[in-house]
1. If a residue must be within 26 Å of D20 (Cα to Cα) and loosely packed, with under 12 Cβ neighbours inside 10 Å, how many such residues does the stretch 44-64 contain?
2. Looking at L88, L135, can you tell me which residue is at pLDDT 80 or above and not in a helix (DSSP H, G or I)?
3. In the stretch 65-100, what count of residues is obtained for those that are farther than 20 Å from Q21 by Cβ, of a type outside the set (D, E) and either within 36 Å of the chain's Cα centre (by Cα) or surrounded by fewer than 10 Cβ atoms within 10 Å (Cβ to Cβ) (or both)?
Amino acid sequence: MKNVENMAYEILLQGLRNGDQYAFHQIFQTFHKAIVYFASKLLPEYNYSEAEEIVQDVFVKLYEKRSTFNSFENIKAFLYIVTKNACLDKIAKEKVRSNRFGRYIQDFEESEESILQNIIDAELISQLGAEIDALPEKCRIIMRQFLDEDKNAKEIADDLGISVSTVNNQKSRAVSIIKKRLGNAGIALLLFYL
């Protein structure tokens, strides 16, 4: 019985090597289900449709290399090895894609947080500007020179013809008024700019 089976395999092998479609179809029928099952077990979540696609490609490669096989055992080994390698490549590509997607989502979330923080900062700066404009005249003039012109207390004192201690007192008074109106967030921003 084994000899008859071996003879049938030899005939199929010779037919495959010669490009016989019937021989190829018979070899496909012999191994297809087992190779698909093998591939589906290697792939995450036992993805049967991806396993089918991989195995179809493997059989195309088998047909392309049909003249290089010397035995049915070579065909079987080829099918399993090429399927295993194709599955591992698919898994590796999926990991790269997943990592790239993860980085994109992380960057997007960080970008969203950054944008939100920029909006918050812009609103605080706007509120801070409005509060500075509402200060008493001397406080407002001194604070504008500190913030807009980036002057120090000595430069402001020389510019306005007042003492440095008066500049510092007016600045402290302005900070106190703004703190009462805006709270800690506004004052933190103000101190950042001072």
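The values are calculated or read from the model by the stated rules, or taken from the named source; none is laboratory data. The structure presented is a predicted model; accordingly, all values stated were derived computationally and were not measured. Please note: Cβ atoms are built from the backbone with ideal geometry, for glycine as well, and neighbour counts cover all protein chains shown.
1. Number satisfying all stated conditions: 2.
2. When all the criteria are applied, what remains is L135.
3. Looking only at that region, the number is 20.
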